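**Q** Have a look at the structure that comes next, please.
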Ligand code: ADP
């Protein structure tokens, strides 16, 4: 080997030595960095573990202390986790035994259950699913479930978690309420029917009494003294009042019945016809102040409403020049009507009372105290309301609405 060759190898060796040294230096630096990073990682890991422990014990607390049943199921309905309330609800105390939620669903609710399951899978959550379930002892309970799907880290659904609430007592109350309402409706109908029959039946003996008194009077014409004549007039008057009362009760008892005969009514024509059929004294004028609408209603019921209000307005006018004004205002969801008079007026303390049956402030032979109660009953049947504004000695305005 020549000297020059030896020199080349020597230099190469020195370069390699230098490179190794540099590499060692870099490595040392890197491993120092790595050590630091690993220390930091260890610390972060410790912190995370602590945080996780805290969170999971918090969750555990929620899971245990929640007041409703909490259940986690897999996609086949198998219960994976449940809290003690869920165990009590399903009467499932043996932790070793498996429990499938779908198997608990009451037969008749099965179809609805399946549909709700589809919703849960499609939407990812289920709100207020209500169904009946069998518990272990085969008692039936009503439950309400709010649930959401659980996913794995690839966003694939793996199960569901849900809050299950026992609403058996609420359902029982609802059922009770429904029955009470049904009974009430039935007895109400019976009562109306009863009033109808009684008042109808009372009319015929009354008619007989009427006939008998007129026969006695005819048979004894000229034989009675003044006092007996007066007493007979009193009897006839009383009989008439009774007949009026009975007719009113009859009318009242049929006023509240559901009307199935609604038709398109042109109120302008209807009210004009009605006014023509009423007895209007010469000193009273009746005016329709505004346009009147076309409404869907039963003709006889609308007639009853307007007839009672207009007749009252006429009846209670005490001025030399009487005026009755009918008007209409269109509201968003209601038709609003008013009947105004310049009559005796009504004190405010009677404003509610007069709508009750048999309540009349001014007793007279043609006053039965039934008219306004009929009006109110019909207005209520049409989803409306009735009220009045009035000033004693000046006049009254009755307002009422009918739902469109
Ligand atoms: P009735 O007129 O047969 O007594 P209603 O039920 O129609 O029965 O009216 C109840 C009472 O309300 C009446 O007795 C009367 O005192 C009062 N009333 C009704 N309408 C008016 C009116 N337009 N003006 C003054 N008082 C009225």
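**Q** With the requirement that a residue be under 27 Å from the mean Cα position of the chain (by Cα) and either away from the ligand (no atom under 12 Å from the Cβ) or assigned to a loop (DSSP other than H, G, I, E, B) (or both), what does the stretch 338-357 give you?
**A** Restricting attention to the stretch 338-357, the residues satisfying the condition of being under 27 Å from the mean Cα position of the chain (by Cα) are 352, 355-356.
Within the stretch 338-357, 352, 356 meet the criteria.
**Q** Being in contact with a helix residue (DSSP H, G or I) (Cβ under 8 Å, 6 or more places away or on another chain), surrounded by fewer than 17 Cβ atoms within 10 Å (Cβ to Cβ) and in contact (Cβ under 8 Å) with a residue 40 or more places away in the chain is the filter here, so list the residues in the stretch 127-176 that pass it.
**A** 135, 136, 157
**Q** Within the stretch 374-386, how many residues are touching a helix residue (DSSP H, G or I) at 6+ places or on another chain (Cβ under 6 Å) and in a helix (DSSP H, G or I)?
**A** Quick first cut of the stretch 374-386, residues touching a helix residue (DSSP H, G or I) at 6+ places or on another chain (Cβ under 6 Å) only: 374-378, 386.
Those left that are additionally in a helix (DSSP H, G or I): 374-378.
Final tally of qualifying residues: 5.
**Q** I would also like to ask the following. Could we say that residue 325 is closer than 30 Å to residue 237 by Cβ and part of a strand (DSSP E or B) here? Steps first, please.
**A** Numbers: closer than 30 Å to residue 237 by Cβ: no; part of a strand (DSSP E or B): yes.
No, not satisfied.
**Q** Among what's in the stretch 101-126 and is within 15 Å of residue 160 (Cα to Cα) and in contact with a helix residue (DSSP H, G or I) (Cβ under 9 Å, 6 or more places away or on another chain), pick the residue that is surrounded by the most Cβ atoms within 10 Å (Cβ to Cβ). Give the derivation first.
**A** Just the residues of the stretch 101-126 that are within 15 Å of residue 160 (Cα to Cα), to begin with: 101-102, 113-114, 116-126.
Okay, now just the ones that are also in contact with a helix residue (DSSP H, G or I) (Cβ under 9 Å, 6 or more places away or on another chain), so 101-102, 113-114, 117, 125-126.
Values: 101: 24, 102: 13, 113: 21, 114: 12, 117: 19, 125: 13, 126: 19.
Among them, the one singled out is 101.
**Q** Please work out if residue 389 is within 12 Å of the ligand (Cβ to nearest atom) and in contact (Cβ under 8 Å) with a residue 12 or more places away in the chain.
**A** Details: within 12 Å of the ligand (Cβ to nearest atom): yes; in contact (Cβ under 8 Å) with a residue 12 or more places away in the chain: no.
The answer is no for residue 389.
**Q** When you scan the stretch 177-196, do you find a residue that is under 20 Å from residue 75 (Cα atoms), surrounded by 15 or more Cβ atoms within 10 Å (Cβ to Cβ) and under 34 Å from the mean Cα position of the chain (by Cα), even just one? Give the derivation first.
**A** Initial filter on the stretch 177-196 (under 20 Å from residue 75 (Cα atoms)): none.
No: the stretch 177-196 contains no residue that is under 20 Å from residue 75 (Cα atoms), surrounded by 15 or more Cβ atoms within 10 Å (Cβ to Cβ) and under 34 Å from the mean Cα position of the chain (by Cα).
**Q** Next up: Of everything in the stretch 358-385, what is more than 8 Å from the ligand (Cβ to nearest atom) and either within 18 Å of residue 247 (Cβ to Cβ) or touching a strand residue (DSSP E or B) at 6+ places or on another chain (Cβ under 9 Å) (or both)? Give them in sequence order. Write out each step before concluding.
**A** Quick first cut of the stretch 358-385, residues more than 8 Å from the ligand (Cβ to nearest atom) only: 358, 365, 376-385.
Listed by number, the residues that qualify are 358, 365, 376, 377, 378, 379, 380, 382, 383, 384, 385.
For (1) closer than 19 Å to residue 267 by Cα; (2) surrounded by 15 or more Cβ atoms within 10 Å (Cβ to Cβ); (3) in contact with a helix residue (DSSP H, G or I) (Cβ under 9 Å, 6 or more places away or on another chain); (4) at pLDDT 95 or above, each residue gets a yes or a no:
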| residue | (1), (2), (3), (4) |
| --- | --- |
| 324 | yes, yes, yes, yes |
| 328 | yes, yes, yes, yes |
| 335 | yes, yes, yes, yes |
| 356 | no, no, yes, no |
| 364 | no, no, yes, no |
| 388 | no, yes, yes, yes |
| 396 | no, yes, yes, yes |
| 402 | yes, yes, yes, yes |
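The values are calculated or read from the model by the stated rules, or taken from the named source; none is laboratory data. The structure presented is a predicted model; accordingly, all values stated were derived computationally and were not measured. Please note: Cβ atoms are built from the backbone with ideal geometry, for glycine as well, and neighbour counts cover all protein chains shown.
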